[in-house]
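For reference, the structure discussed in these notes is given below.
The values are calculated or read from the model by the stated rules, or taken from the named source; none is laboratory data. Bear in mind the structure is a predicted one, so any value in this text is a computation, not a measurement. Neighbour counts are summed over all protein chains in view; Cβ atoms, including those assigned to glycine, are modelled from backbone coordinates with ideal geometry. Quick note on the areas: whole protein, heavy atoms, side chains included, nothing else; ligands and nucleic acids left out. Shrake-Rupley method; radii C 1.70, N 1.55, O 1.52, S 1.80 Å.
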Amino acid sequence: MKTMTSEPLTGADQEFLDGLVVSQRGRPGALLGILEKAQERHPRKYLPRETLEYIAARTDTPLARVHSVVTFYALFNLEPQGQNTICICRGTACHTRGSRGLLETLMFKLGFHDSSEEMADKTSMNTSDGKFTVRTVACFGQCALAPVVEVNHAVYGHMNEQTLERELDHLGREKAKQ
Ligand code: FES
């Protein structure tokens, strides 16, 4: 089983989850809907272990099944996410058009010490200040736009290193202003 992050639920968390379970009861895809909304509500956009256990208990779903759902769908996170998320495609089309160089530039600029190969194994890493999460995906399904990079859910096609650096600088400045 993939490692999960622990974070005890508050009374307000439990109340929210109880309401969610009731509102989704009997709907097709109820479990997915509950998980999605629970993650959306968390300020760090992830699902702690206790949240998964609580949802499993309240929906009478085996925890192993809840876990298999959150590990199957790339949209679910089991670790706290950074304030900004940058996702680089490592599919074949993007790879042949330079996605590896983009990933290396990104990691260098954000101060990661892992190689891009190590990053590929992890698929998700956070900067220590919590400002950035870097992820990789197998394919965005937009191969004609390769290389594709997603910055805070905005998709950029034909990305190059200059544009990526400009986006990073922009996000850095945005954060500095806050
Ligand atoms: S390979 Fe990158 S979008 Fe398909």
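Rounded if a/c is under 1.5, else prolate if a/b beats b/c, else oblate: with a ≥ b ≥ c from the C-alpha gyration tensor eigenvalues square-rooted, which is region 16-92? Walk me through the intermediate numbers first.
Numbers: a/c = 2.01, a/b = 1.64, b/c = 1.23.
Prolate, because a/c is 1.5 or more and a/b exceeds b/c.
Tell me, what ³J(HN,Hα) does each residue in region 47-56 have, in order and in whole Hz, if you take phi through Karplus 6.51 cos²θ - 1.76 cosθ + 1.60 with θ = phi - 60° and put x for Gly and Pro?
The phi angles translate into 10, x, 3, 4, 5, 5, 5, 5, 4, 4 Hz.
If a/c stays under 1.5 just call it rounded; otherwise compare a/b with b/c (prolate if a/b is bigger, oblate if not). Do that for region 84-177, with a ≥ b ≥ c from the square roots of the Cα gyration tensor eigenvalues.
On the way: a/c = 1.79, a/b = 1.30, b/c = 1.38.
Oblate, since a/c reaches 1.5 and b/c is not below a/b.
Using only alpha-carbon positions, what ratio does the radius of gyration of the chain give when scaled by 2.2 N^0.38 Å? Please list the in-between numbers first.
On the way: Rg = 17.8 Å, N = 178, 2.2 N^0.38 = 15.8 Å.
Cα-based Rg divided by the globular estimate yields 1.13.
Go ahead and set up a Gaussian network model of the chain, Cα springs under 10 Å, then flag whichever of 138, 154, 38 fluctuates most.
154
Can you list the HN-Hα couplings for region 128-141, worked out from phi with the Karplus curve (6.51, -1.76, 1.60; θ = phi - 60°), rounded to whole Hz and with x for Gly and Pro?
5, 7, x, 7, 10, 10, 10, 10, 10, 10, 6, 5, 7, x
Could you pull out the trypsin sites (Lys or Arg not before Pro) across region 22-76 that fall in loop regions by DSSP (anything but H, G, I, E, B) with no more than 14 other Cβ atoms inside 10 Å?
Working: sites: 25, 37, 41, 44, 45, 49, 58, 65; in loops: 25, 44, 45.
Within region 22-76, the qualifying trypsin sites (Lys or Arg not before Pro) (loop, at most 14 other Cβ atoms within 10 Å) are 25.
Mind checking region 34-73 for chymotrypsin sites (Phe, Trp or Tyr not before Pro) that DSSP puts in a loop (not H, G, I, E or B) and that have at most 11 other Cβ atoms within 10 Å?
Details: sites: 46, 54, 72, 73; in loops: 46, 73.
Passing both the DSSP loop test and the Cβ count: 73.
Each residue of region 80-90 in turn: what ³J(HN,Hα) in whole Hz from Karplus with 6.51, -1.76, 1.60 and θ = phi - 60°, glycine and Pro shown as x?
Those phi angles translate into x, 9, x, 5, 10, 10, 10, 10, 10, 7, 10 Hz.
If you roll a 1.4 angstrom probe over the protein chains with everything in place, what fraction of the accessible area of the chain belongs to carbon and sulfur, to the nearest %? Walk me through the numbers on the way to the answer.
Values: 5100 of 10030 Å².
With neighbouring chains kept in place, the figure for the chain is 51 percent.
Counting only pairs 8 or more residues apart or on different chains, how many lysine pairs in the chain have their Cα atoms under 16 Å apart? Kindly include the intermediate steps, with their values, before the conclusion.
Values: 2/122; 37/45; 45/131; 109/131; 109/175; 131/175; 131/177.
Count of close lysine pairs: 7.
How many Å² of accessible area per residue for region 45-162, probe 1.4 Å? Working shown, then result.
Working: 6000 Å² over 118 residues.
Spelled out: the 1.4 Å probe surface of region 45-162, per residue, equals 51 Å².
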